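Reading through the structure tokens given below for one structure.
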Amino acid sequence: MRAFAWILVVTVITLLLTAVVAYPGYLLAHAINDSWKFHRIASRIAMLIALVGVVSVVRHYRLGNRAALGFAPTFGEYVATTFKYFIAGFAMMIPMLALMFAAHLRLPKPDLVYDGAFGAQLVVASVVGGLIVAFIEETFFRGFLHTAVERDRGSATAIIAVSLLFAVLHFVGKARLPGVEFDWTSGWQWLAETLRLFARPAAIVDAFLVYLGIGVLLGMVRAWMGHTAGCIGLHAGWVTAMLLVRESTDANDAAPLAFLQGSFDHFVGWLVLGWTVLMGIAFVILKRRGLAFAHAERR
């Protein structure tokens, strides 16, 4: 797990360097667009710093080939598989979203005009956003990182270790600074607020378990299929469905079952966790019956 250990080191270094350069980065970004928020700029800086470290680890451990990154099938086969699992992932979300609306957990945004132009823009933005998020995250987590751990410790350890890191990193950079006056200490305040999220486990436990469960599901799909096409498709389908709802509706905190939405982002809560467990059971049944997730070498 040496490569995995180095990724943890890269994560720590990234957070520390981001705290140092977040404020000058904020000043530079505001010279271009003064509407960008501090926490978003800090998050983007962290991504760039992490990218340098990750590329270094990939090159050092020779994980930059197609198979190690999860792209073993031919291009045409990979795209076709991704599309098939994208449709499946999106369809899986529909019943859960229907439950949200049935329980009045989501309400239309009062300031939006729900016309054809808005609908088309929303669909395109959601699909593109879902594909981008899935491609980046799955190439990193279920791509080379899963390969690195699997080589040393096997699939089970890879699924668990990568899923834990996947869950933790979903909370990094989400903290927002309440003030509007920023200085050289703001980067450290951002880091402190980020770490403070983990000091209040009761506030994020439902969301953490959701991300952990999703990581385990996608890790199993990666181990079963031997590549990331199914992972990217499912992940993109899930995110697309989520974005369609989140960008067009507001959370209804006055609903009787509002606690099911969770307090972290008012979406990824206990309801999503329950649905994730059901999807996991369905995945295992489909795999055992040979109806999905076939390994590439067995086709």
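General remarks:
- All positions within the range 109-138 that are surrounded by 13 or more Cβ atoms within 10 Å (Cβ to Cβ), over 22 Å from the mean Cα position of the chain (by Cα) and of a type in the set (Phe, Trp, Tyr): Phe118
- When the residues of the range 1-54 are filtered to those that are among the hydroxyl-bearing types (Ser, Thr, Tyr) and in a helix (DSSP H, G or I), the one that is nearest to Gly173 (Cα to Cα) is Ser43.
- Boolean, Phe264 is surrounded by 19 or more Cβ atoms within 10 Å (Cβ to Cβ), assigned to a helix (DSSP H, G or I) and not acidic (Asp, Glu): no
- Qualifying residue in the range 95-102 (condition: outside any helix (DSSP H, G or I) and either loosely packed, with under 12 Cβ neighbours inside 10 Å or modelled with pLDDT under 95 (or both)): no
- Per-region count, the range 40-59, residues out of contact with any Gly (no Cβ under 7 Å at 6 or more places or on another chain) and farther than 12 Å from Phe144 by Cα: 10
- Failed item in (1) closer than 16 Å to Leu99 by Cβ; (2) assigned to a helix (DSSP H, G or I); (3) of a type outside the set (Ser, Thr, Tyr), with Ala255 passing the rest: (2)
- If you go through the range 160-191 and keep only what is hydroxyl-bearing (Ser, Thr, Tyr), more than 21 Å from Ala223 (Cβ to Cβ) and outside any loop (DSSP other than H, G, I, E, B), you end up with just Ser186.
- A Cβ distance below 6 Å, combined with a sequence gap of six or more or placement on separate chains, defines the contacts here; from the range 99-128, residues that are at negative phi reach no residue that is at pLDDT below 90 and among the small types (Gly, Ala, Ser).
- If you check Gly213, Gly226, Gly274 for being under 15 Å from the mean Cα position of the chain (by Cα), small (Gly, Ala, Ser) and within 26 Å of Thr82 (Cα to Cα), only one passes: Gly213.
- Residue check, Thr157 assigned to a helix (DSSP H, G or I), of a type in the set (S, T, N, Q) and touching a Leu at 6+ places or on another chain (Cβ under 8 Å): no
- Single condition Thr240 does not satisfy, out of (1) assigned to a loop (DSSP other than H, G, I, E, B); (2) crowded, with 19+ Cβ neighbours inside 10 Å; (3) hydroxyl-bearing (Ser, Thr, Tyr): (1)
- Qualifying position, being in contact with a strand residue (DSSP E or B) (Cβ under 6 Å, 6 or more places away or on another chain) and either of a type outside the set (Gly, Ala, Ser) or exposed (fewer than 15 other Cβ atoms within 10 Å of the Cβ) (or both), among Arg142, Arg106, Arg153: Arg106
The values are calculated or read from the model by the stated rules, or taken from the named source; none is laboratory data. Predicted model only: the values in this text are computed from it and were never measured. Note that each Cβ is placed from the backbone with ideal geometry, even for glycine, and that neighbours are counted across all protein chains shown.
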